[in-house]
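Report on the following structure.
All of the numbers you see were taken from the coordinates with simple rules; none came from a lab. If you're wondering where the values come from, they're calculated on a predicted model, not measured in any experiment. When we count neighbours, we look across all protein chains shown, and the Cβ atoms used for this are built from the backbone with ideal geometry, even at glycine.
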Amino acid sequence: MSEPSTTTTPTTSLSNTFWGLCLVALALTAGIPAPAEAADDEFRTVAVVEPFLEMHTGPGRGYPIFHVVDRGESIEILMQRTWWYQVRTAKGVVGWVDEKQMNLTLNPDGTGANFSPASLQDLIDSKWEVGFMAGDFGGANMVSMYGAYSLNPNLSIEVWGSQILGDFSNGWMGNVNVVHETWPEWRFSPFFTMGAGIVHTSPKSTIISGDDRTDEVGHVGAGLRIYATQRFLLRAEYKSYVVFTSRDDNEEIEEWKVGFAFFF
Amino acid sequence: MESRIRVLFLIAAFIGLSGCAATKNLFGIGPKEAPPPASEPPGQVIDPAVERREVKEPKIDREDFEAGGFAGIMSVEDFGTNVVYGVRIAYHITEGFFVEATAGQTEAGLTSFEVLSGGAPIISEDERTLTYYNLNLGYNLLPGEGFIGEGRAYNTAFYLVAGLGSTRFAGDDRFTVNFGGGYRFLFTDSIAFHVDFRDHLFDIDVLGEDKTAHNLEGHVGVTVFF
């Protein structure tokens, strides 16, 4: 058990990478300016036209209403968190207002303020999507993350990164694929996909002796997207991979995954 | 004189009536004039010298991302308890749901077998560094407020998280399930303090039997919304 294995060597480099990531994260957080410091005149202003507008103490349904803005007053919008808006009244009272009430206000030019509700159409129209998925890759566990950019309501391009964690070997896989969603307006929306990438596998040293391999892969697949709530969707898919090995025969691997994704 | 007054009255009456004629539809009095037929373009009657006011709406600052670091203690089953450090990035999808990616690192100690036998270590020193990452889904189960004294209220939330990831430990990458809960305390609308408890489960066989190890972690952290 104590003999060195082929997977020992990357540990140090991984540890360095890890601390590198930590530093990057710290640098990122340090560089973020406090939002309250933004110039006052830069905030968007809307006028209340309904009899009243309710201000909550926090960005959520359960937070109590502590202040009511009367008709005719204007409010400044300081920031948005999910579908809640932090607003400031002329008297300086700061609180949170939900999107439904914000949609009933007017812009300075007299037009209705549109704080887009997250309808299914908005989901279809949004461009960027990020998702986490997990499942089975030819008997091994798989954890995946993807980013997608939609070219039009039907067609999008996805970039995938996956880690494969099996009983006999570990590895990672990267793929680029095209997704065609035939009926994007359906709440349960089927899709078809095909793409290509590379897979890297390293056999577990304690069980099998062998070299690390990097092979090209091609895949086709199909799945279902379920638009759950607001910017959130559930996704399940099947993909069939062909691994173009350097041996005589190509290897075929089946993959089943479930997960979730969200839109920007 | 008389005729001059008459002229003045006539002028006043003319101006007043034309004014009424121009504004009669403002109050909905009088018959509505039919719009000119669409096929015939209306002649340029008035030159609109006033340009339409272009209102440029300032962009609303959207703060759905949360990033930061944490430190605490992590117990690696059979290998003792040690300090753990890590980073976290989260994205709030709705007021309830958020997704989160975390990465952390700790050093595992000696097993009691290694200590008692005094023999050769089971795993090498490098392999004792435990590094993990997780992709999680979280839910703000109990949002609320915390009060300090009489005049201060802070938004808080107790949340649950669960997810999947990988742990590199004892010379292998191990498929890891993790779940737990935490408490978020917002000092300001953009800076939050966290207390978190997690259980990381993975299969391990370095001590002779194949078993699922529970590795408990407790940490405190600070995040910034942006």
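Observations, loosely collected:
- Gain upon complete extension [B:LEU110, B:LEU142; 0.36 nm per residue less C-alpha separation]: 7.6 nm
- Sequence of A:HIS219, B:HIS214 once ranked by neighbouring C-beta atoms within 10 Å, starting from the fewest: B:HIS214, A:HIS219
- Inverse of mean 1/r across different Cα pairs in region B:69-175, Kirkwood, Å: 16.4 Å
- Alpha carbon centroid spacing (whole Å) that separates region A:135-153 from region B:129-202: 24 Å
- The convex hull of the Cα atoms of region A:151-257, projected and averaged over all directions, covers 7.7 nm².
- Here, region A:39-116 has an Rg and a Dmax of 11.3, 33 Å when only alpha carbons are counted.
- Within-13-Å neighbourhood charge of B:ILE191 [Cβ basis; K, R +1; D, E -1]: -2
- Net charge of Cβ neighbours under 15 Å - reference B:PHE179; Lys, Arg +1; Asp, Glu -1: -3
- Charging the Cβ of each Asp and Glu at -1 and of each Lys and Arg at +1, and nothing else, the dipole of region A:39-116 about its Cα centre rounds to 260 debye.
- Calculated FRET value between A:VAL242 and B:ILE191, using beta carbons and R₀ = 45 Å, to 0.05: 0.35
- Exceeding the 31 Å Cα-Cα cut-off - candidates A:LYS127/A:LYS257; A:LYS204/A:LYS239; A:LYS91/A:LYS127; A:LYS127/A:LYS239; A:LYS100/A:LYS239: A:LYS91/A:LYS127; A:LYS100/A:LYS239
- Unit charges on C-beta of K, R, D, E only; dipole of region B:65-225, Debye: 480 debye
- Contact order relative to length of region A:39-116, as percent, for alpha carbon pairs under 8 angstrom and 6 or more apart: 30 percent
- Selection from A:GLY62, A:VAL49, A:TRP84, by position along the positive dipole direction of region A:39-116 (Cβ): A:GLY62
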